[in-house]
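The values are calculated or read from the model by the stated rules, or taken from the named source; none is laboratory data. Since this is a predicted model, take the numbers as computed values, not measurements. Note: ideal-geometry Cβ built from the backbone for every residue, glycine included; neighbour counts use all protein chains shown.
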């Protein structure tokens, strides 16, 4: 059984293409190995309807490409994951 918390390879590719290889928070060029795909809205707070619509919470509209530093800062609470600087500019699809 697939882990529905993870993004599919296609969703990650689409998000990476959308981000043009840059962190969607700070804008640094992340290349192919210096980034993480991050859930903009944590799966744990999605409604059942949102989870179903996003295929388990991993839809492209819920995916942000972040450099390793910004991703760590989100999880350490140094950046509010709901108000990342550029997220309002990230399209939902």
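Some values worked out for this structure:
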item	result
Scan of the range 1-23 for residues that are at pLDDT below 90, touching a strand residue (DSSP E or B) at 6+ places or on another chain (Cβ under 7 Å) and in a loop (DSSP other than H, G, I, E, B), ordered by number	7
Any hit, the range 39-47, residues being at pLDDT below 70, part of a helix (DSSP H, G or I) and under 10 Å from the mean Cα position of the chain (by Cα)	no
Restricting the range 70-86 to residues that are part of a helix (DSSP H, G or I) and surrounded by fewer than 15 Cβ atoms within 10 Å (Cβ to Cβ), the residue that is modelled with the lowest pLDDT	75
